[in-house]
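The values are calculated or read from the model by the stated rules, or taken from the named source; none is laboratory data. Computed from a prediction, not measured in an experiment: that's the story for all the values here. Here the Cβ is made from the backbone with ideal geometry for all residues, glycine too, and neighbour counts use every protein chain on show. The protein model used for the area step is the full one, side chains on, heavy atoms only, and it has no ligands, DNA or RNA in it. Shrake-Rupley method; radii C 1.70, N 1.55, O 1.52, S 1.80 Å.
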Amino acid sequence: MKDLMLLKAIGGLDDGLLAEYERDTGNKRRLFHGVRWGAIAACLCLVIAAAFATPALLRGPGWVQPQPGGDHAVSDEPGHIAIPGSNPATPSSSPTAPGATATVERAEVFYNTAAAMVNSAPRQGFAIFAEELSQAGLNAVAPDMRLEWMELSGSAGFYGWGELAAVWLNISNAGWDGRVTVKLTPADKPIYGSPMLELEQEEPTATVINGTECYIYLYETETDVYLSAEFEREGVAYALSVAATAADAHHAKADLYDVMSCYAATKRAPELDSITAVHSDEWRNDPLTLAEAREDADFGPYLPRELPQGFSEESILRFRGNGEDYLSSVWTYGYESLRWKASYITAADLPRLTAAEDTHNYDLALYPIPRAQSVPAELREVVDNPIFSIDELTMDVISARARYVSDDAGDTDGYRMRFSVRYGDVVVEISSKGVSPDWVYRQLMGIAP
């Protein structure tokens, strides 16, 4: 199981859009207005689908095999949707237990039409990983009323420390090859995403389904239709999406409404608290004390033996996730700083390996400022942060990386350095300001893992 970059793929609203939505604090819908269909399928479902391609089927009580070529509730006109095991002649506006007599009355649908789809830059990102939902997990978050066409598969996304971020259900309809994606999150912890809709209406209008206000959005092109919906019920925020060709628009509208109806009529709220990560132990995001960091089995021996005079600890973090595994320490003294990071060498590091004799790869005296103009394009990566073998490290090598700066307004005088040193399969990266090259050399040579 590897991470999926969803707190960067699941980005968020930019600050301007967020402020606009939060001005009207009386409208709770605005707190999770943002997750939308097309790009959600691209930026969320794609990474999840890559992790597991075979959908699991969930068949609730009263499940009925769909008839070949059958159609269901494709009209936008008010009517009734029969729940498996129910008597269609008995309308009901209240939630009904699985298998009991019930119908969900179809309300008049108002679509908030969109003039355009607008991408918003992420406001913040979160590192999360996804795991396929087990049968028990599907049962915990699916509506307890389901129609005969519904085939369910799903996954859960977790923050790096194992806390649930969101659940995604894919509700498929083999009758027309469609799929409604449902994202469920705790209503007090919604995940904002992109793209945003640029609505033609000044204010979104709700369709009321079984007493629940649902906001339904429609964006059409000459060839395609995109639908999304959102509502909140019993502490859970729902964001639904479906895309279809223009010819299948009536199917997409019917499926989206059916899914909302089932959730709005269900008696049991999705049990998000029951969804837990299986592999959360593979992730770490632990702040440590210096004593705890020195005891780290992987990278503790690669920390400096002492600190520069006057420096104090700002942060020490042990992180594993997003394809990264490192111990990072930051110490400061006024404007001066020292960042010391130990990690395992990766394939991405190999182009930065350099021999001490290849001075063109690292000697800053060869490249006057601005280096964007003086450093050849093919050397920029290695010149920016070369990796030396500890066997070839000398004071001359470190001095070639040390740039002395004085009289910087609002800053400190002293040396600036950035480079890395390889100890077997571990790389130590140093980024410093105001620390002497001699001190750095002594600490690096004193490491004995």
### Task
Of all residues in region 170-184, count the ones that are buried (at least 21 other Cβ atoms within 10 Å of the Cβ) and farther than 18 Å from T245 by Cα.
3
### Task
Tally the residues that are of a type in the set (D, E) and free of Cβ contacts under 8 Å to residues at least 24 places away in the same chain, restricting the search to region 193-251.
3
### Task
Filter region 308-360 for residues that are charged (D, E, K, R) and in contact with a helix residue (DSSP H, G or I) (Cβ under 8 Å, 6 or more places away or on another chain) and give the result.
E313, R318, R320, R352
### Message
Suppose the filter is open to solvent by 30 Å² or more (accessible area, probe 1.4 Å), touching a Leu at 6+ places or on another chain (Cβ under 8 Å) and within 23 Å of S329 (Cα to Cα); does R418 pass it?
### Response
no
### Odd one out for I398 among (1) surrounded by fewer than 18 Cβ atoms within 10 Å (Cβ to Cβ); (2) farther than 21 Å from A347 by Cβ
(1)
### Message
open to solvent by 70 Å² or more (accessible area, probe 1.4 Å), at pLDDT 95 or above, touching a helix residue (DSSP H, G or I) at 6+ places or on another chain (Cβ under 9 Å) and of a type in the set (D, E, K, R): is that true of D384 in this structure?
### Response
yes
### Task
State whether the residues of region 113-129 include one that is on the phi < 0 side of the Ramachandran plot, at pLDDT 90 or above, open to solvent by less than 10 Å² (accessible area, probe 1.4 Å) and not in a loop (DSSP other than H, G, I, E, B).
no
### Residues of region 274-291 satisfying the condition of being open to solvent by 30 Å² or more (accessible area, probe 1.4 Å), closer than 17 Å to A136 by Cα and either in contact with a Gly (Cβ under 8 Å, 6 or more places away or on another chain) or without any contact (Cβ under 8 Å) to a residue 60 or more places away in the chain (or both)
S274, T276
### Query
Within region 246-266, can one find any residue that is assigned to a helix (DSSP H, G or I), in contact with a Pro (Cβ under 8 Å, 6 or more places away or on another chain) and either basic (K, R) or open to solvent by 10 Å² or more (accessible area, probe 1.4 Å) (or both)?
no
### Task
For region 424-435, enumerate the residues that are in contact (Cβ under 8 Å) with a residue 60 or more places away in the chain and out of contact with any Pro (no Cβ under 6 Å at 6 or more places or on another chain).
D425, V426, V427, V428, E429, I430, S431, S432, K433, G434
### Message
For region 277-323: of the residues being among the small types (G, A, S) and in a strand (DSSP E or B), which is farthest from I345 (Cα to Cα)?
### Response
S312
### Message
Can you pull out every residue in region 315-372 that is closer than 21 Å to D396 by Cβ and either touching a residue at least 60 places away in the same chain (Cβ under 8 Å) or among the hydrophobic types (A, V, I, L, M, F, W, C) (or both)?
### Response
R352, L353, A355, A356, L364, A365, L366
### Message
So Y367 ticks every box in (1) aromatic (F, W, Y); (2) over 23 Å from R422 (Cα atoms); (3) in contact with a Lys or Arg (Cβ under 9 Å, 6 or more places away or on another chain); (4) open to solvent by less than 40 Å² (accessible area, probe 1.4 Å) but one. Which box is left unticked?
### Response
(3)
### Residue that is farthest from the chain's Cα centre (by Cα), among those in region 421-438 that are outside any strand (DSSP E or B) and surrounded by 17 or more Cβ atoms within 10 Å (Cβ to Cβ)
P437
### Condition broken by Y226, with the remaining ones in (1) more than 24 Å from L133 (Cβ to Cβ); (2) open to solvent by less than 40 Å² (accessible area, probe 1.4 Å); (3) modelled with pLDDT of 90 or more; (4) under 28 Å from the mean Cα position of the chain (by Cα) satisfied
(2)
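Report the residue count in region 324-359 for those that are of a type in the set (D, E), open to solvent by less than 70 Å² (accessible area, probe 1.4 Å) and part of a strand (DSSP E or B).
Count: 2.
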